[in-house]
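Report on the structure given below.
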Amino acid sequence: MIFVDDQLGQAVAAALKKAQQREKLPSFVLPEPIPIERPKQEEMGDWATPICLQLARYARMAPIKIAETVAEILRERYVDALPFLAEVEVAHPGFINFRLDESWLARQVEIILSEGETFGRLDLGRGIKVQVEYVSANPTGPLHMGSARNAVLGDALASVLEAAGYEVQREYYVNDAGSRMQAFYESLYARYAQALGQEEALPEEGYHGPYMIELGRRIAAEHGPRFLLLPRDEGVRAVGELGLEAVVQSAREDLALMGIRYDCWFSERSLYERGQHEKVMTILREGGHLYLQDGAVWFRATALGGDKDEVVIRSNGTPGYFASDIAYHYNKFVERGFDRVIDVWGADHQGHVPRMKAMMRALGLDPERLTIIIYQLVTLKRGGEVVRLSKRTGDIITLREVLEEVGPDAMRYFLLSRSADSQMDFDIDLAKEQSEENPVYYVQYAHARICSILRHAEEVRQSLSHALQPTDGDVGLLTHPAELALIRRMVRLPETVRLAANQLAPHHLTYYAYDLAQAFHAFYRDCRVVSSDPADAAITQARLKLVTACRLVLARTLKLMGMNAPETM
């Protein structure tokens, strides 16, 4: 797909070069690419460029003079050559504004309908293999709201990248190895033993939450005292494995309720069982990236851009957390052959990013191939007050608890509505509200309203002797300002997908969805769609074609966000 802003940028660059050839501008190197942006005020046009302001010091001319010179050449050479371009205007202090041709805009309705559910699909990625790894919470308890934001960000990003033409794999990394896993096993064994009436101390560094008591009771009820009869180490492992399986299954179920599924659930333990840990340790040792100090093996991260060296093998001989990270990413890039990897991590991992880049260099990999998206915390609120504890357990607020109260669509939209690096408040009461104040309701109601219009049109068609088919509509009749404003929003979906994919920022979808819904509601207010008067048949059919295309674009946007497109509300 060739974007309008790209073509305008090329036209402006050509016009600047032509002005230099005509000696209306002095010779200087032009910047690339030429910036083309949306004006802040819509009355200024559909697109604009501030390039003349930027070039004033090189040209030693007033920006407005440069703009007038360039605009003259654009009118001369491009207004007729570019089918989408209607007008080129100059605005103080030196902007060049562009207005789209209204007949071209109307024809885009046909384009959208012809592309159907593929509208907004791009070929930016050209099949590049990208892995998006997200959530990957330690399997030591239920998922909470921080995990929910991780899930929504990662899943929407994967959808956007797929729409942009990348080959995407979604992955959940199960941290089923290491000292925290052993602490979980020991804690659960204690709760299991206690459930059977046996005294068993809970580890100080263990997991003390009420969910562990419930899980211990469940295992005791299902299996009785059989694990108490085993040697303690065997019993701990057996109970721990059951707990691990239960926690991972719970995560699967919670995420499935949000419509989130993975291509792969990858076990950290497999890195050790299949020898990948030993392989990377050998690579790092032979590359001179490891050294021994205080009985531990350290990775020379500072020699490769990290802010501090990191332990990879502890003094007791067990691997450190970072050892698994190295083996895991070696597996991703070298053994599975992903071109790019995107990890979605919480704010508490911000300090780990430099060491991950150092690790890439040590493995002979381009650090730019690894992107780590850090998201900020979520604050739950109800009635303006911060909610800190679960109403059910008095403990952590789980993803499931909020999901059951507000629903998956509201969960997804609200958690996606801010950029990852922004802290956010999640207002439970607003997420449940059935009014225009709730952006989720407002956007989905637009889709439901379109479906209602189309049902009504079918009822009217059956009662009339004359045809009333949206497929027969003449889009050339779509000239009302509200109609054109709606089409202007509809054609921005590919542009939004491009922006979200290039910036790895799927929150742009929420802004776009709301903007599109707002344009539709304004159109519905100003333009009657279905009329039973034969004299209005032509405009009715044209507007039915418009709303059919709008329904398609809105549904496509909701799908990219992982949300439903309801037909009734």
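For the reader, a short list of remarks on this structure follows.
- Annotation for the stretch 77-146: trypsin sites (Lys or Arg not before Pro) lying in DSSP loop with at most 14 further Cβ atoms inside 10 Å of their Cβ are 126.
- About the Cα centre, charge dipole magnitude for the stretch 96-155 (Lys/Arg +1, Asp/Glu -1 at Cβ), debye: 240 debye
- Put the Cα centre of the stretch 402-466 next to the Cα centre of the stretch 289-359 and the gap is 43 Å.
- GluC sites (Glu not before Pro) lying in DSSP loop within the stretch 139-241, provided at most 13 other Cβ fall within 10 Å: 199, 204, 205
- Taking the DSSP beta bridges with both ends in the chain, the antiparallel portion is around 50 percent.
- Lys/Arg +1, Asp/Glu -1 at C-beta; the chain dipole; positive extreme among 356, 408, 376: 356
- Neighbour counts of other Cβ atoms within 10 Å put 233, 536 in the fewest-to-most order 233, 536.
- Percentage relative contact order, the chain, counting C-alpha pairs under 8 Å, at least six apart: 14 percent
- Net charge, residue 352 excluded, C-beta distance under 13 Å - Lys, Arg +1, Asp, Glu -1: -2
- 222 nm mean residue ellipticity, helices alone, for the chain (DSSP H n ≥ 4; -39,500 (n - 2.57); rounded to 500): -16000 deg cm²/dmol
- Axial C-alpha extent at least 18 Å, average Kyte-Doolittle at least -0.5 - helices from the chain (DSSP): 4-21, 63-77, 102-115, 145-163, 210-223, 232-257, 439-463, 508-526, 537-560
- Cα-projected label distance for residue 121 with residue 296, points at 7 Å along beta-carbon direction, nm: 5.0 nm
- In the chain, the alpha-carbon atoms span a convex hull of 199 Å³ per residue.
- Here the stretch 488-547 and the stretch 129-194 have alpha carbon centers that stand 36 Å from each other.
- The simple spin-label model puts a point 7 Å past each Cα toward its Cβ; for residue 234 and residue 167 those points are separated by 4.7 nm.
Bear in mind these aren't lab numbers, they're just calculated from the coordinates by the rules spelled out. Because the structure is a prediction, the values reported are computed rather than measured. Cβ: placed from backbone, ideal geometry, glycine included. Neighbour counts: every protein chain shown.
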